[in-house]
Amino acid sequence: MTYFHNINRIKYEGPNSTNPLAFKFYNPEELVGEKSMEEILRFGVAYWHTFTESLKDPFGVGTAIRPWDRYSGLDLAKKRVEAAFEFFEKLQIPFFCFHDIDIAPEGDTLKESNQKLDVIVAMIKDYMKDSKTKLLWNTVNNFSHPRFVHGAGSSNNADVFAYAAAKVKKGLEIGKELGAENYVFWGGREGYETLLNTDMKLELDNLARFYHMAMDYAKEIGFTGQFLIEPKPKEPTSHQYDFDVASGYAFLQHYGLDDFFKFNIEANHATLAGHTFEHELHYARIHGMLGSVDANQGHPLLGWDTDEFPSDLYTTTLAMYEILKNGGLGRGGLNFDAKVRRGSFEPEDLFHAHITGMDSYAVGLKVAQKLIDDNVLESVIENRYNSFTKGIGKKIIDGNTDFHQLEEHALGLGEIENHSGQLEQIKAKINQYLLTIYA
Ligand code: XLS
Ligand code: NI
Ligand code: NI
């Protein structure tokens, strides 16, 4: 059975193609630096947004028309798997990601849920044998069901903590079974609404206990995927504990988890935290903690996680700059944690959305590589900090000075001379690179 009848395999046709169902810029084989686009970008489809999502919003029911709509229960789950692998093949996408409840419906009991999962995981495993598409990461949904109303690993209710742990246990087993490259923790309800009824210290300690036990279990079963924390500052709770990379990193360090985790950084979560996407990537990178990326974008006028497909080339360029400076994403990738808009309800829109995202990152990659090759930003930064390469600056860097000497230096100074940061000039340069990359 096929689900996307009218769509053939999406091919690279180049920047001048007029075929909407073709890549204009993403050419999997094209070398950028020493690696191919496919190897560097490691794109992934988010199962939940593409196969499970109905496009409902707080004001209305779902609008999505999907070829698997008439099925339900486990049948529906199976049809989605069939459709998913057809989609992966037609898009030539190397990875996918899912939560447990995206792939299989929940049963009335944990045991039943696990049985349903086993059926679908076996089916996925079978499909993966004949497919080039691999599992970038999986996770479990410990936030949608009412039992998680007060959190999961940070719940006030020990039974919920145990239930959440059992789900992660199963998630790790599934990750191992399907050869997941990573395992993601997004703390959906790991946060609080108000301090008036919250023991923050206990919740944080418990969350750390939760992660430690997950780590122990991964070791026990020989699951070797990279553990990733996905920070988000708010939504659904008013304060999420994994607020951003900096606070997440402090948490990991404080609880002795930093050697075992990296970050999965989502563009829209970065902006919700009041940062740019590149800030979060940069912060993780300079601390050796950049693991993977949820590639989407927020709406500039809305204050929530709109999860749009990435199309802003300026942002994809600066993101790819960070990723290249990181030496790539290792076992991570660019997962499109993105959904088509409610008005884009036709099945074909799923292809257009992914094509847009993949093309946008391909352009970003090329521009970023050229910026690096031409030493554009490095030379600006090198110049800007050159006072630390000589004299008193060098002494500061080498740890060869103290406040006495610094005071002496300061007393001996005439008028201090600063230089322009040249921001406008740098931006003009980036525009020039963006506009001439395919010229
Ligand atoms: C929600 C998160 C979620 C994670 C996986 O905002 O982005 O989709 O990526 O649980
Ligand atoms: Ni995400
Ligand atoms: Ni998100």
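Readers should treat all values here as calculations from the given coordinates under stated rules, not as data from a laboratory. Remember, predicted model here, so these are calculated numbers, not experimental data. Glycine gets a Cβ as well: all are built from the backbone with ideal geometry, and neighbour counts include every protein chain shown.
So for Arg341, Arg66, Arg285, fewest C-beta neighbours within 10 Å to most, what's the order? All intermediate terms of the calculation are to be shown ahead of the outcome.
Details: Arg341 16, Arg66 23, Arg285 19.
Sorted ascending by nearby Cβ count, the order is Arg341, Arg285, Arg66.
Helix 347-373 versus the longest principal axis of the chain: what angle, 0 to 90°, nearest 10, using Cα atoms?
Roughly 20 degrees, rounded to the nearest 10.
Kindly put Ser54, Ser379, Ser155 in sequence by how many other C-beta atoms sit within 10 Å of each C-beta, fewest to most.
Ser379, Ser54, Ser155
Once each part is reduced to its C-alpha centroid, what is the distance from the stretch 1-61 to the stretch 190-243 in angstrom?
Here the answer is 32 Å between Cα centres.
Counting alpha carbon pairs within less than 8 Å and at least 6 residues apart, what relative contact order, in whole percent, applies to the chain?
Working: 708 pairs, mean separation 67.9, N = 439.
So the answer I get is 15 percent.
Can you pull the one-decimal nm distance between simple spin-label points at Asn157 and Asn375, each 7 Å off the Cα toward Cβ?
Each label point is offset 7 Å from its Cα along the Cβ direction, giving 6.2 nm.
Cα gyration tensor of the stretch 307-406, axes a ≥ b ≥ c as square roots of the eigenvalues: rounded (a/c below 1.5), prolate (a/b > b/c) or oblate?
Numbers: a/c = 3.85, a/b = 3.05, b/c = 1.26.
The shape class here is prolate.
If you place +1 on the Cβ of every Lys and Arg, -1 on the Cβ of every Asp and Glu, and leave all else neutral, what size is the dipole of the chain about its Cα centre, to the nearest 20 Debye?
Working: 44 positive and 63 negative charges, 175 e Å.
With Lys and Arg at +1 and Asp and Glu at -1, about 840 debye.
Answer with one residue from Tyr361, Gly274, Tyr47: the one whose Cα lies farthest towards the positive end of the charge dipole of the chain, charges on Cβ with Lys, Arg +1 and Asp, Glu -1.
Tyr47
Tell me what the chain gives for mean residue ellipticity at 222 nm when only DSSP H runs of n ≥ 4 count, each as -39,500 (n - 2.57), the sum divided by the residue total, rounded to 500 deg cm²/dmol.
Values: 15 runs with 196 residues, N = 439.
The helix contribution divided over the chain gives -14000 deg cm²/dmol.
Defining a contact as two alpha carbons under 8 Å apart and six or more residues distant in sequence, what relative contact order in percent does the stretch 315-369 show? Numbers along the way, then the final one.
Working: 31 pairs, mean separation 39.8, N = 55.
The value is 72 percent.
Note the angle between two axes, namely the Cα long axis of helix 423-436 and the longest principal axis of the Cα atoms of the chain, as a number of degrees from 0 to 90, rounded to the nearest 10.
50 degrees
Would you order Met128, Met200 from fewest to most other beta-carbon atoms within 10 Å of each residue's own beta-carbon? Intermediate values should be presented prior to the final figure.
Details: Met128 17, Met200 13.
Listing Met128, Met200 from fewest to most nearby Cβ atoms yields Met200, Met128.
Return the single residue from Gly412, Gly330, Gly357 with maximal mean-square fluctuation; model: Gaussian network over the chain, springs between Cα atoms under 10 Å.
Gly412
Classify the stretch 51-113 as rounded, prolate or oblate from the Cα gyration tensor: take a ≥ b ≥ c as the square roots of its eigenvalues, call it rounded if a/c is under 1.5, otherwise prolate when a/b beats b/c and oblate if not. Don't skip to the end; give the middle numbers.
Details: a/c = 1.68, a/b = 1.13, b/c = 1.49.
Oblate, because a/c is 1.5 or more while a/b does not exceed b/c.
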